[in-house]
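Heads up, the thing below is written out as structure tokens.
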Amino acid sequence: MTLADREWRLITEETWHGPTNMALDEVAARTAAADGLRTARIYRWGPSTLSLGYNQSPESVDWAYCEDEGITVTRRPTGGGGIYHDYTGDISYTVVAPADELPGDLMDAYHVLCRPILDALSRMGIDADYVSESMPEIHRPACYLRELHPAHDIVADGKKISGNAQYRQRDAVIQHGSLSYSLATDRHLGAFSDPPAPDEFEGRVTSIRDLTGISRDDAVAAVENALADWADADPGEWRDDELADARDLAAETYATDAWTREKTT
């Protein structure tokens, strides 16, 4: 299943504030449900951002460190642990399509939507695949250090290189994910309260740069081209009404303390 016979737009890499990135995913879901326009997008987080899992305790965050280091904190609509999205070290993507066009089984849907990510890593010269068996957690609050799951955790050289999460909203499926271009170990761990030692992190996580040495621009191009080929997507951009809706949604939800600091369930 490629979904390539449907109407897709590819929004190439752009930089947004953390709460706006989450709002844009939700707005893309509204568009997919209402208009049938599917979206594949690549983006970075500026400033660098810690995105918390939906049910993650705010007590797992070192708020003082994040404030001192200029790290934005927001919360995702997806579960799992927190991800530090470094402005340089992270490459993020989202794929949004109508729910009735994807398998109802969660693992099957993951494997459809992760296909271009595995292809992108292959284009970079990286032999990556889903983790073959569960690996024990090191630090539960951190996504990359949680127990690894064969459904959606992608590893290379025995270490995690990409994490992916999925949710359904407004009759659409939203899958977003993160690929590690380079490791910012100290900042990644510093964003969490009571983090593990750096060598534990680097023993579990790897990066595109460590494995290949290619430039970030080339890595981003590989992701964009893999998504474009997988979906047969046309170059696209956000409509003005979508951007306005995303700004409102970010301000009303994803940038608020009620969503990020006070939400615990």
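The values are calculated or read from the model by the stated rules, or taken from the named source; none is laboratory data. Nothing here was measured: the structure is a model prediction, and the numbers come from that model. Please note: Cβ atoms are built from the backbone with ideal geometry, for glycine as well, and neighbour counts cover all protein chains shown.
Taking the condition loosely packed, with under 13 Cβ neighbours inside 10 Å, at negative phi and out of contact with any His (no Cβ under 9 Å at 6 or more places or on another chain), does residue 210 pass? Step through it out loud before you land on a result.
Values: loosely packed, with under 13 Cβ neighbours inside 10 Å: no; at negative phi: yes; out of contact with any His (no Cβ under 9 Å at 6 or more places or on another chain): yes.
Considered against the rule, which asks whether it is loosely packed, with under 13 Cβ neighbours inside 10 Å, at negative phi and out of contact with any His (no Cβ under 9 Å at 6 or more places or on another chain), residue 210 comes out as no.
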Exercise. Looking only at strands (runs of 3 or more DSSP E) that fall completely inside region 6-99, which ones have 1 or more residues that are at pLDDT 95 or above and closer than 26 Å to residue 195 by Cβ?
Worked result: 38-45, 49-52, 72-75, 83-85, 90-98
Exercise. Does residue 18 satisfy the criteria of being surrounded by 21 or more Cβ atoms within 10 Å (Cβ to Cβ) and within 30 Å of residue 137 (Cα to Cα)?
Worked result: yes
Problem set entry | Per-region count, region 3-31, residues out of contact with any Lys or Arg (no Cβ under 7 Å at 6 or more places or on another chain) and either free of Cβ contacts under 8 Å to residues at least 12 places away in the same chain or of a type in the set (Asp, Glu) (or both) | 4
For this session: Would you mind stating whether residue 151 is surrounded by fewer than 19 Cβ atoms within 10 Å (Cβ to Cβ) and either assigned to a strand (DSSP E or B) or at pLDDT 95 or above (or both)?
Result: no
For this session: Would you mind stating whether residue 117 is buried (at least 21 other Cβ atoms within 10 Å of the Cβ), part of a helix (DSSP H, G or I), within 15 Å of the chain's Cα centre (by Cα) and at pLDDT 95 or above?
Result: yes
Seminar exercise, completed: Here the qualifying pairs (Cβ atoms under 6 Å; residues six or more apart or on different chains; first in region 145-160 and over 17 Å from residue 198 (Cα atoms); second among the aliphatic types (A, V, I, L, M) and part of a loop (DSSP other than H, G, I, E, B)) come out as 148/131; 150/131; 153/131; 155/131; 156/126
Exercise. Checking residue 116 against (1) touching a residue at least 24 places away in the same chain (Cβ under 8 Å); (2) farther than 27 Å from residue 212 by Cβ, which single condition isn't satisfied?
Worked result: (2)
Exercise. Just one of the numbered conditions (1) closer than 25 Å to residue 22 by Cβ; (2) modelled with pLDDT of 95 or more; (3) crowded, with 19+ Cβ neighbours inside 10 Å; (4) more than 15 Å from the chain's Cα centre (by Cα) is not true of residue 172; which one?
Worked result: (2)
Exercise. Within region 182-200, how many residues are in a loop (DSSP other than H, G, I, E, B) and of a type in the set (Ser, Thr, Tyr)?
Worked result: 2
For this session: Mind listing just one residue for me: the one in region 121-148 that is within 21 Å of residue 56 (Cα to Cα) and among the hydrophobic types (A, V, I, L, M, F, W, C) and, of those, modelled with the lowest pLDDT?
Result: 135
Exercise. Condition test on residue 191, is it more than 15 Å from the chain's Cα centre (by Cα), among the aliphatic types (A, V, I, L, M), surrounded by 23 or more Cβ atoms within 10 Å (Cβ to Cβ) and more than 23 Å from residue 102 (Cβ to Cβ)?
Worked result: yes
Exercise. Within region 201-245, can you find the residues that are farther than 15 Å from residue 12 by Cβ and assigned to a strand (DSSP E or B)?
Worked result: 205
Exercise. Can you name the number of the only condition in (1) surrounded by fewer than 21 Cβ atoms within 10 Å (Cβ to Cβ); (2) in a strand (DSSP E or B) that residue 140 fails?
Worked result: (2)
